Amino acid sequence: MTRHDPEQRSSPHDGDTPRRPRARDDRGRAQNDRPRDALGRPLPHGAVGVPRQPEGIARTPGQTLELGQELLDRHRPFHAHDVFEDHWKQSTGPDRPLWRGLAQLAVGITHAARGNPAGAAAVLDRAAVTIAPFAAAPPYGIDVPGIRAWCADCSTRLGSAGIPHRPVWITPPRLRGDAEGLGAGREEQP
């Protein structure tokens, strides 16, 4: 049995090509500085990508919902995920799982847009379960029952046999309890 040498790369590397050092934050943690496309897929170094959402921004729940909805409506579910995840990581109260569930919802939409219907269905199912405890008394005007129904409907259609592995845009639900857009979930080409 041989030991893993951390200096040895698991993939072939041309010794003449210098390795690009990873960007690090002030605590020394590696940062992913590769450019990304609108759905968060990494692009080659030097490519022009879509700017990422800044991390660590303190927002009120209302600001988080407004920005998340705007990003979802602008076909930026990967970025909406970052906004919801930021709020989830900063939360310490009983509503913390709600923000995790909204981040999962955005990830499900991202998977569908990337052409992964099975992954999208699985994550949307998880989102519905995660936010379920908030259905009886939804905080911040969030339409938890409507979002859960939307997740179930989309998951069923995406998980059906015969859905091709092709990118589809699923019209996101309205996060707050206004009647417009609830239960949407139509598929469109991205």
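Structure above, values below:
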{"read-out": "With all protein chains modelled, accessible area of residue 176 [1.4 Å, Å²]", "value": "100 Å²"}
{"read-out": "Mean accessible surface per residue for region 53-166, computed with a 1.4 Å probe while every protein chain stays in place, in Å²", "value": "44 Å²"}
{"read-out": "Carbon + sulfur, % of accessible area of region 91-144 - ligands and nucleic acids excluded, 1.4 Å", "value": "60 percent"}
{"read-out": "Note, ³J(HN,Hα) from phi for region 140-148, Karplus 6.51, -1.76, 1.60, rounded to Hz, x at Gly and Pro", "value": "6, x, 6, 8, 4, x, x, 5, 4"}
{"read-out": "Amide H within-cut-off set for residue 169, under 5 Å, with H built and near neighbours excluded", "value": "188, 189"}
{"read-out": "Contour excess over end-to-end distance, with Cα ends at residue 34 and residue 63 and 0.36 nm allotted per residue", "value": "7.7 nm"}
{"read-out": "Region 37-157, relative contact order in percent, only Cα pairs under 8 angstrom and at least six apart counted", "value": "20 percent"}
{"read-out": "Karplus-derived 3J(HN,Hα), 6.51/-1.76/1.60, for each residue of region 59-67, Hz, glycine and proline x", "value": "10, 6, x, x, 5, 4, 5, 5, 5"}
{"read-out": "Length gained when the stretch residue 52-residue 137 is fully extended (0.36 nm per residue, less Cα-Cα span)", "value": "27.3 nm"}
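The values are calculated or read from the model by the stated rules, or taken from the named source; none is laboratory data. All of these numbers come straight from a predicted model, not from anything done at the bench. Quick note on the areas: whole protein, heavy atoms, side chains included, nothing else; ligands and nucleic acids left out. Shrake-Rupley method; radii C 1.70, N 1.55, O 1.52, S 1.80 Å.
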